[in-house]
Amino acid sequence: MHEENKAAANGCGKIRSGAQNGAALLALMEKTGYSMVQQNGQRKFGGPPPGWEGPPPPRGCEVFVGKIPRDMYEDELVPVFERAGKIYELRLMMEFSGKFIGVCVSLDNCRLFIGAIPKDKKKEEILNEMKKVTEGVVDVIVYPNATDKTKNRGFAFVEYESHRAAAMARRRLIPGTFQPWGHTIQVDWADPEKVVDEETMQRVKVLYVRNLMISTTEDKIKAEFNKFKPGVVERVKKLRDYAFVHFFHREDAVAAMSVMNGKCIDGASIEVTLAKPVNKESSWKQHFNGQISPSSENLLGFPNKEDGTQKSLGKPSSLSVRLNGQHSPGPLEVERSTYPIFPGIKLTPISMYSLKLSHFSSAVMHLDYFCHKNSWAPPEYCLYSTTSQDGKILLVYKVLISSIADDSQSFMPEKLCTTVEDAKELAAQFTLLHL
């Protein structure tokens, strides 16, 4: 195919030589005053632009644009993007081709998850170790063990000064050549922090309290937070070693946060922050990247939108075993296999929440994972029973979810099951579809 035809097939009717490209880019730089440099496999235009004063734009101001035609360069892209506002920096990577582009918010992640850390290591030791082999380390977040506050939980989060510094650190640590304290660590991107707009945060009157002792009761927490001003606490919800303290008024919550952060309760130094509300507009199906199809509602016994009938009871297509015992693999079914443990193979303890969602094959595990990622309380399952006309015991679970900013919500499917396992799985599915 001739070059002209190739260009037409790609949706553009022009061919530019290297000299023409260079001339067009020089003209752009002369017109705008921006500089252009080649750096790390990408071409950077601006950053900062001429006359810029002050720090760079904060996180959340960058978008990722994909599927840019290969023969389109800065001289054509800049005028398009300038329609949305002043450009601070444009980084061009020649990796995509096609007629249409896609735009989404760029995840400017600056945090890495480090697993398999010796549990006796303190924050300062982990921080110093990370600084030895990576650059741009800002902080290390370490969580004390729930039952033994002198130990960590076997993992930490390392915060870097920029996304690039975190990416370079991840590349440096992943090969496994770095073994701090003689241990092979696990490295991956940490889940990006939830970004809540300032207007919403200004209305929050719930505090998140962590590093509590397992033995500390809700009554003790309420009493401690009421000390600085009696009667300001509405209620307390404690889960294992952390709790949510609800106040009647926001000003009291803010004052209590300042007073109580770093205080000791039952011998444990607590950390207190404002709780982040959950975005209810984000459905669990979006959160799971569509692993369970929207048609799962029919599989749960909801009316079919086309004919008004009800489908048979079953699990979503991502699960392999239907509740009626029949095997019905769906297109998204995850491969499930077993592998032998050979002598000498090294097994490393990890947190369930450091895994990817694809490692879970049941709705019960999905729901637990989902609640954890949203900083909600773990789901509570309440079992109920009745007796059928032929004498069978039928079971159903009600699921209680306590979010950080709202009262507890309950979910119960309108179907009864003959086994406890099926009832719990169905309740989890029903809850996920209605969150």
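Here r is the Cβ-Cβ distance between Leu92 and Gln409 and R0 is 35 Å; the resulting FRET efficiency, rounded to 0.05, is 0.15. Remark: the stretch 237-243, residue by residue, has Karplus-estimated 3J(HN,Hα) of 10, 10, 10, 6, 10, 9, 8 Hz, where x stands for each Gly or Pro and the curve is 6.51 cos²θ - 1.76 cosθ + 1.60 at θ = phi - 60°. Computed from label points 7 Å out along Cα-Cβ, the spacing between Asp139 and Thr418 is 5.5 nm.
Structural size metrics of the stretch 198-274, computed from C-alpha coordinates, are Rg and Dmax of 11.4, 36 Å.
Note down the relative contact order for the stretch 111-189 as a percent, whole number, built from C-alpha pairs under 8 angstrom at least six residues apart. Please report the intermediate quantities before stating the final value.
Working: 133 pairs, mean separation 33.5, N = 79.
Contact order relative to length: 42 percent.
Expressed as a whole percent, the accessible area of the stretch 198-274 that falls on carbon and sulfur atoms is 51 (1.4 Å probe). Take Lys373: with every protein chain present and a 1.4 Å probe, its accessible area is about 50 Å².
Rolling a 1.4 Å probe over the protein heavy atoms leaves Asp390 with an accessible area of roughly 110 Å². Arg250 exposes around 60 Å² of accessible area when a 1.4 Å probe is run over every protein chain in place.
Mind ranking Glu82, Glu129, Glu161 by accessible surface for me, highest first, 1.4 Å probe? Don't skip to the end; give the middle numbers.
Details: Glu82 85, Glu129 30, Glu161 135 Å².
The ordering from most to least exposed comes out as Glu161, Glu82, Glu129.
Only one residue of Val209, Phe228, Ile185 has its Cα farthest out toward the positive end of the dipole of the stretch 180-230, where Lys and Arg carry +1 and Asp and Glu -1 on Cβ, and that residue is Phe228. Sorting His359, His246, His372 on solvent-accessible area from highest to lowest, probe radius 1.4 Å, gives His359, His372, His246. Label sites at Arg83 and Ala146, each approximated as a point 7 angstrom past Cα along Cα to Cβ, lie 5.3 nm apart. Averaging Cα coordinates gives a centre for the stretch 138-165 and one for the stretch 184-218; these two points are 13 Å apart. The mean accessible area for residues of the stretch 359-434, using a 1.4 Å probe and ignoring ligands and nucleic acids, is 47 Å² per residue.
What does the charge dipole of the stretch 111-189 about its Cα centre add up to, to the nearest 20 debye, if the Cβ of each Lys and Arg holds +1 and the Cβ of each Asp and Glu holds -1?
Once rounded to the nearest 20, the dipole reads 100 debye.
Each of Cys264, Cys417 has its accessible area taken with a 1.4 Å probe; listed largest first, they run Cys264, Cys417. Computed on the Cα atoms alone, the convex hull of the stretch 132-179 gives a volume of 90 cubic angstrom per residue.
For Met168 and Asn226, a Förster radius of 45 Å and the Cβ-Cβ distance give a FRET efficiency of 0.40, rounded to the nearest 0.05. Model label sites at Lys392 and His372, defined 7 Å from Cα along the beta-carbon direction, differ in position by 3.5 nm.
The values are calculated or read from the model by the stated rules, or taken from the named source; none is laboratory data. From a predicted model like this one, the values you see are computed outputs, not experimental measurements. Every residue, glycine as well, gets a Cβ built from its backbone with ideal geometry; the counts of neighbours run over all protein chains shown. Remember, those area values only see protein heavy atoms, side chains included, never the ligands or the DNA or RNA. Shrake-Rupley method; radii C 1.70, N 1.55, O 1.52, S 1.80 Å.
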